[in-house]
Number of protein chains: 2
Amino acid sequence: MLNYSATYTDQYQLTMAEVYFQKNRHNKKAVFDYFFRKPPFNSGYTVFAGLDTLLDILENFRFTQEDIDFLYKQKLNDSFLDFLKQYRFSGDVYSAKEGEIVFPTEPVLTVEAEMLDAQLVETLLLNVLNFQSLIATKAARMRQVAGDRGLIDFGLRRAQSAGAYHAARAAIIGGFNATSNVVAGKDFGIAVSGTMAHSLIQSYEDELTAFRHFAEIRPHDCVLLVDTYNTLKSGLPNAIKVAKEMEARGQQLKGIRLDSGDLAFLSRKARKMLDDAGLQYVKIAVSNQLDECLIKSLNEQGAQIDLFGVGTSLVTGQPDSALDGVFKLAAYDDAPRIKISESTAKITLPGQKQVYRMTGENGVFVGADAVCMKTDDTLERMYHPFDKLKSMNVKDFNKEPLQHKVMSAGKRLQKQQPLTSIQQYASNRIGQLPAEYKRFENPHIYKVGLSEKLNNLRNDLIHQHLDNL
Amino acid sequence: MLNYSATYTDQYQLTMAEVYFQKNRHNKKAVFDYFFRKPPFNSGYTVFAGLDTLLDILENFRFTQEDIDFLYKQKLNDSFLDFLKQYRFSGDVYSAKEGEIVFPTEPVLTVEAEMLDAQLVETLLLNVLNFQSLIATKAARMRQVAGDRGLIDFGLRRAQSAGAYHAARAAIIGGFNATSNVVAGKDFGIAVSGTMAHSLIQSYEDELTAFRHFAEIRPHDCVLLVDTYNTLKSGLPNAIKVAKEMEARGQQLKGIRLDSGDLAFLSRKARKMLDDAGLQYVKIAVSNQLDECLIKSLNEQGAQIDLFGVGTSLVTGQPDSALDGVFKLAAYDDAPRIKISESTAKITLPGQKQVYRMTGENGVFVGADAVCMKTDDTLERMYHPFDKLKSMNVKDFNKEPLQHKVMSAGKRLQKQQPLTSIQQYASNRIGQLPAEYKRFENPHIYKVGLSEKLNNLRNDLIHQHLDNL
């Protein structure tokens with residue numbers, strides 16, 4: 001449902017591109033890194049998502065004639081606009097796998113391309129990766145506390161416009177089972193789910209007739225919403241009546257859903273009423289402003305819940321609405337580049353780099369990633385990026401490279417993966433991370449350090465710039 | 001860039017629609033109200049936005065053959081799917097004007113349509129109106145504190161996927177001047193804005209050459225970003241040098257931009273340095289994690305700022321990521337309907353209604369809206385919706401109807417309005433609201449009450465349902 005053209009960008013990418021073009025700097029080789037500075041939700045890990053979406057769009061990223069006509073009115077130079085007519089993204093992309101768990105400061109994805117080319121895709125890249133990584137991380141936190149119970153995305157109505165579409169995709173990567181969002185289900189091959197709202201019941205004179213009609217027409221997929229009038233006195237007794245009628249017809253009521261009130265209390269009451277009626281097989285679904293903290297709390301209270309429907313907090317990432325990922329120039333025309341900034345934490349990492357993850361026995365993560373120069377040949381010690389008193393001996397660990405080449409000269413090197421494979425990969429990687437990094441309160445901080453060469457290069461460039469002042 | 005088909009919906013709308021269809025209830029007349037329960041940002045008012053977008057989509061809301069093929073696999077009945085092939089939205093829509101300021105509990109928009117028809121558009125309607133109203137409200141709060149300074153949407157990179165597109169539109173309604181988002185600028189006729197990022201400067205050996213090249217190629221629209229290395233020691237002196245060179249060529253530097261550090265301090269320093277150099281005409285733009293509270297604080301500190309670029313908090317509404325608008329059945333087959341729920345605040349308002357806004361002399365809002373039955377002929381007193389001890393005499397006020405018919409049998413009754421007209425309307429209406437409703441901390445609560453007839457009808461229906469338990 002989304003058509004991206006190359007106008008999916010910030011205006012300043014075009015004005016800068018014009019300067020590069022006019023000054024004949026546009027075709028110099030550039031290296032840009034995508035990384036973020038702060039994990040969302042104070043999470044101890046972040047799930048990287050959106051890569052497949054990004055690569056798909058990049059393969060077809062161009063300006064339409066309508067775009068060019070519009071840009072003409074924006075005071076862009078004619079010969080530059082002629083150049084844009086022919087523009088195609090033709091860079092190389094190196095990236096962590098989609099579903100990888102990643103950490104602040106390290107380059108998660110790197111674009112090596114002509115300067116203009118890399119510049120023009122910045123906004124798109126940030127827009128896609130920041131959001132899907134935010135939502136996949138949120139979903140993974142919910143999966144963490146939901147165990148093997150069902151998790152369904154109910155968020156379309158409260159999503160940020162069409163944000164729902166990619167949120168549904170990212171939710172699956174983080175561990176969700178299904179979505180209520182039909183178009184996302186269709187386009188991404190996600191299981192779609194949904195049965196009834198209050199309006200169906202309200203449209204009848206009485207709740208029981210509404211339930212009976214629904215069970216008659218959709219006996220194969222019947223989940224009755226029991227809180228329209230009174231959950232315990234009306235909804236549940238009527239649902240049990242209909243379940244018994246279904247049994248008499250050789251059918252089974254699939255579940256009931258609670259959408260208001262005290263879900264811990266009501267779900268226990270409901271379970272007991274259903275069990276007492278011999279309906280142990282009827283599942284209990286709940287919804288209503290859930291998030292990972294509420295799901296955890298419901299579990300701790302012994303709530304009897306089989307399936308959680310999650311809306312707003314999933315598809316918008318509430319309380320954090322954005323991952324703060326950035327895309328920064330690391331090299332131009334084969335020379336390493338740096339940004340100093342007013343705040344130390346915003347100083348960038350220069351040059352072409354690779355990230356190595358330290359693993360111990362059985363593949364368990366040590367809790368340390370090292371950012372190295374591509375030209376590094378050994379890695380024995382890594383250095384804290386901002387605190388020069390801190391370093392760590394990493395000589396004896398296994399080291400996995402994090403970035404892999406995924407696009408060459410604007411062409412993808414592998415086909416789209418099924419979402420379930422990405423979900424499985426994310427789940428495996430989260431499984432390799434020790435528990436103390438996964439707790440919600442003050443998680444252990446995963447170390448990201450710099451190799452000696454990178455650390456020295458960065459210090460040299462900082463001093464060069466300071467000496468110029 | 002967005003193509004909506006009728007699969008932009010929750011699956012349960014389809015399963016319910018199947019039941020309506022099979023039970024021959026689909027063509028009974030239904031009335032659904034759109035309203036919200038809590039204003040975002042603890043704001044004293046909410047700006048209603050998204051109406052034009054919604055009406056446009058509704059006029060073309062249908063299932064494609066690809067949709068039908070997909071639904072066929074979702075266990076929906078064949079004759080129902082045949083019906084869906086022909087489906088068009090053909091209902092009537094009554095609505096507050098786009099840009100109206102609206103309040104919790106009151107029906108902002110009402111759909112009168114066949115039951116199936118109204119049900120199928122629920123998700124779309126909520127998705128569009130909830131988000132744009134959230135962002136228009138956020139933008140209006142920023143306009144409130146920015147006075148006549150410039151406000152530009154910089155949010156595309158941190159937006160929730162394609163949510164940026166409608167966020168840019170809603171920001172204009174709330175009072176923004178421009179956007180960096182090129183495709184939104186193109187499609188909505190919004191002024192686009194943007195000049196340079198750090199990457200341009202980093203790509204050069206030195207900042208001064210970067211500034212000179214930019215000024216040479218784009219002298220008509222030159223805003224120099226001065227914080228790449230050191231704002232006061234490098235960025236500003238270089239910008240001043242280039243400004244003087246431009247003057248010598250008969251050109252003018254338009255502005256400088258600060259994107260990090262203490263913006264209050266740096267902007268004052270920058271203003272002084274520019275003024276001392278005789279560059280009083282050079283504007284100062286700032287960006288970096290701004291929101292309405294920071295803009296207010298910068299003003300209070302005497303910051304010298306002409307233009308604010310706002311990203312994340314504008315386009316995502318941070319810290320509130322969603323308006324909690326709902327769409328509830330109020331009548332079916334000419335009989336009023338109600339939802340009782342476990343929580344009193346969620347009890348709905350039955351029947352076909354109109355909202356009247358009380359105004360005093362000079363059009364100033366009294367701070368009271370009354371929800372009435374369409375059949376009410378007088379309105380002398382309004383009643384608190386939940387507290388039966390409270391009521392208010394409204395006899396002597398002027399009364400403006402809030403809802404107007406905007407769509408008849410699926411066709412719009414008026415053409416798309418220019419965004420600037422909607423912006424002007426919102427601005428006028430906010431101007432009619434007394435200041436105490438507009439403050440950020442504990443704003444005065446705008447009263448929404450019920451007419452006597454509506455209050456009685458609701459009480460009767462509640463008692464009917466309670467008697468049945």
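Among the residues that make up the stretch A:110-131, is at least one of them within 12 Å of another protein chain (Cβ to nearest Cβ), assigned to a strand (DSSP E or B) and aliphatic (A, V, I, L, M)?
Residues of the stretch A:110-131 within 12 Å of another protein chain (Cβ to nearest Cβ): A:111, A:114-116, A:118-131.
Add one more test, that the residue is assigned to a strand (DSSP E or B), and what stays is A:111, A:114.
Those still in the list that are aliphatic (A, V, I, L, M) too: A:111.
Scanning the stretch A:110-131, I find at least one residue that is within 12 Å of another protein chain (Cβ to nearest Cβ), assigned to a strand (DSSP E or B) and aliphatic (A, V, I, L, M), so the answer is yes.
Answer yes or no as to whether B:F176 is at the interface with chain A (Cβ under 7 Å from one of its Cβ atoms), surrounded by 24 or more Cβ atoms within 10 Å (Cβ to Cβ) and at pLDDT 95 or above. Before the answer, list the steps.
Working: at the interface with chain A (Cβ under 7 Å from one of its Cβ atoms): no; surrounded by 24 or more Cβ atoms within 10 Å (Cβ to Cβ): yes; at pLDDT 95 or above: yes.
Taking the combined requirement at face value, the residue does not satisfy it.
In the stretch A:210-248, which residues are within 17 Å of B:S343 (Cα to Cα) and surrounded by fewer than 17 Cβ atoms within 10 Å (Cβ to Cβ)? Write out each step before concluding.
Our first condition is that a residue be within 17 Å of B:S343 (Cα to Cα); within the stretch A:210-248, this holds for A:225-235.
A:K233, the sole residue that qualifies.
Would you mention how many residues in the stretch A:405-414 are under 18 Å from A:E100 (Cβ atoms) and either in contact (Cβ under 8 Å) with a residue 12 or more places away in the chain or crowded, with 16+ Cβ neighbours inside 10 Å (or both)?
Narrowing the stretch A:405-414 to residues under 18 Å from A:E100 (Cβ atoms): A:405-407, A:412-414.
Still in the running and either in contact (Cβ under 8 Å) with a residue 12 or more places away in the chain or crowded, with 16+ Cβ neighbours inside 10 Å (or both): A:405-407, A:412.
Adding up the residues that qualify gives 4.
Kindly indicate whether any position in the stretch A:421-429 is among the hydroxyl-bearing types (S, T, Y), within 30 Å of A:F61 (Cα to Cα) and in the same structural domain as A:R357 (by TED's automatic domain parsing).
Residues of the stretch A:421-429 among the hydroxyl-bearing types (S, T, Y): A:421, A:425, A:427.
If we keep only those that are within 30 Å of A:F61 (Cα to Cα) too, we end up with A:421, A:425.
If we keep only those that are in the same structural domain as A:R357 (by TED's automatic domain parsing) as well, we get A:421, A:425.
Within the stretch A:421-429, one or more residues are among the hydroxyl-bearing types (S, T, Y), within 30 Å of A:F61 (Cα to Cα) and in the same structural domain as A:R357 (by TED's automatic domain parsing).
Return the pair list, or none, for Cβ contacts closer than 6 Å from residues in the stretch B:275-286 that are assigned by TED's automatic domain parsing to the domain that holds B:A248 to residues that are hydroxyl-bearing (S, T, Y), at least 6 apart or on different chains.
From the stretch B:275-286, the pairs are B:I284/B:S267.
Within the set of pairs 6 or more residues apart or between chains, which connect a residue that is under 16 Å from A:P39 (Cβ atoms) inside the stretch A:415-443 to a residue that is among the aliphatic types (A, V, I, L, M) and part of a helix (DSSP H, G or I) with Cβ atoms less than 9 Å apart?
A:A426/A:A136; A:A426/A:A140; A:A426/A:I173; A:I430/A:A140; A:K438/A:I430; A:F440/A:V145
Looking at the stretch A:70-97, which of the residues that are modelled with pLDDT of 95 or more and within 12 Å of another protein chain (Cβ to nearest Cβ) is surrounded by the fewest Cβ atoms within 10 Å (Cβ to Cβ)?
Of everything passing the filter in the stretch A:70-97, A:S79 is surrounded by the fewest Cβ atoms within 10 Å (Cβ to Cβ).
Select from the stretch B:20-42 the residues that are open to solvent by 30 Å² or more (accessible area, probe 1.4 Å) and either closer than 13 Å to B:E122 by Cα or within 10 Å of chain A (Cβ to nearest Cβ) (or both) and list them in ascending order.
Result: B:F21, B:Q22, B:K23, B:R25, B:K28.
Which residue pairs have Cβ atoms under 9 Å apart, sit 6 or more places apart or on different chains, and have a first residue in the stretch A:27-41 that is on the phi > 0 side of the Ramachandran plot and assigned by TED's automatic domain parsing to the domain that holds A:L120 and a second that is modelled with pLDDT of 95 or more and open to solvent by 10 Å² or more (accessible area, probe 1.4 Å)?
Partner pairs satisfying both residue conditions: A:F41/A:R141; A:F41/A:P319; A:F41/A:D320; A:F41/A:F440.
Take the conditions at pLDDT 95 or above, away from chain A (no Cβ under 11 Å), within 28 Å of the chain's Cα centre (by Cα) and within 23 Å of B:K97 (Cα to Cα) and apply them to B:L349. Does it pass?
Working: at pLDDT 95 or above: yes; away from chain A (no Cβ under 11 Å): yes; within 28 Å of the chain's Cα centre (by Cα): yes; within 23 Å of B:K97 (Cα to Cα): yes.
Answer is yes for this residue.
Among the residues of the stretch B:183-199 satisfying the criterion of being at the interface with chain A (Cβ under 7 Å from one of its Cβ atoms) and farther than 15 Å from B:V223 by Cα, which is least open to solvent (accessible area, probe 1.4 Å)?
Of the residues in the stretch B:183-199, the ones at the interface with chain A (Cβ under 7 Å from one of its Cβ atoms) are B:183, B:186, B:192-199.
In the following step, the residues that additionally are farther than 15 Å from B:V223 by Cα were identified as B:183, B:186.
Details: B:V183: 10, B:K186: 43 Å².
My answer is B:V183.
Please work out which one of (1) within 15 Å of the chain's Cα centre (by Cα); (2) in a loop (DSSP other than H, G, I, E, B); (3) surrounded by fewer than 23 Cβ atoms within 10 Å (Cβ to Cβ) is the condition B:S5 fails and give its number.
That leaves (1) as the condition not met.
Can you run down the residue pairs with Cβ atoms below 9 Å, 6 or more apart or on separate chains, where the first is in the stretch B:250-271 and under 19 Å from B:L208 (Cβ atoms) and assigned by TED's automatic domain parsing to the domain that holds B:H198 and the partner is of a type in the set (F, W, Y) and part of a loop (DSSP other than H, G, I, E, B)?
The qualifying pairs are B:Q252/B:Y281; B:L253/B:Y281; B:K254/B:Y281.
Please indicate, with yes or no, whether at least one residue in the stretch B:11-19 is open to solvent by 10 Å² or more (accessible area, probe 1.4 Å), within 9 Å of chain A (Cβ to nearest Cβ) and of a type in the set (D, E).
No, the conditions are met nowhere in the stretch B:11-19.
Restricting to the stretch A:236-269, give me the number of residues that are at pLDDT below 95 and away from every other protein chain (no Cβ under 14 Å).
Going through the stretch A:236-269 one residue at a time, the tally reaches 0.
For B:L349, are the conditions met, namely being open to solvent by less than 40 Å² (accessible area, probe 1.4 Å), assigned to a loop (DSSP other than H, G, I, E, B) and among the aliphatic types (A, V, I, L, M)? If you could, list the steps in order and put the result at the bottom.
Values: open to solvent by less than 40 Å² (accessible area, probe 1.4 Å): yes; assigned to a loop (DSSP other than H, G, I, E, B): yes; among the aliphatic types (A, V, I, L, M): yes.
Yes, satisfied.
Does any residue of the stretch B:142-161 turn out to be in the same structural domain as B:V310 (by TED's automatic domain parsing), farther than 30 Å from B:E441 by Cα and open to solvent by 10 Å² or more (accessible area, probe 1.4 Å)?
Yes, the conditions are met somewhere in the stretch B:142-161.
Could you give me the residue pairs with C-beta distances under 7 Å whose first residue belongs to the stretch A:217-235 and is within 7 Å of chain B (Cβ to nearest Cβ), whose second residue is assigned to a strand (DSSP E or B) and at pLDDT 95 or above wherever it lies, and which are 6+ apart or on separate chains?
Between residues of the stretch A:217-235 that are within 7 Å of chain B (Cβ to nearest Cβ) and residues that are assigned to a strand (DSSP E or B) and at pLDDT 95 or above, the close pairs are A:D227/A:L258; A:T231/A:L258.
Please go through the stretch B:209-244 and pick out each residue that is touching a Lys or Arg at 6+ places or on another chain (Cβ under 8 Å), of a type in the set (V, I, T) and over 20 Å from B:K269 (Cα atoms).
Within the stretch B:209-244, just B:I217 meets the criteria.
The values are calculated or read from the model by the stated rules, or taken from the named source; none is laboratory data. What you see is a predicted model, and the numbers here were worked out from it, not measured in a lab. So basically every Cβ, Gly included, is an ideal-geometry build from the backbone, and we count neighbours across all protein chains shown. Just so you know, the surface numbers come from the protein's heavy atoms only, side chains and all, with ligands and any DNA or RNA stripped out. Shrake-Rupley method; radii C 1.70, N 1.55, O 1.52, S 1.80 Å.
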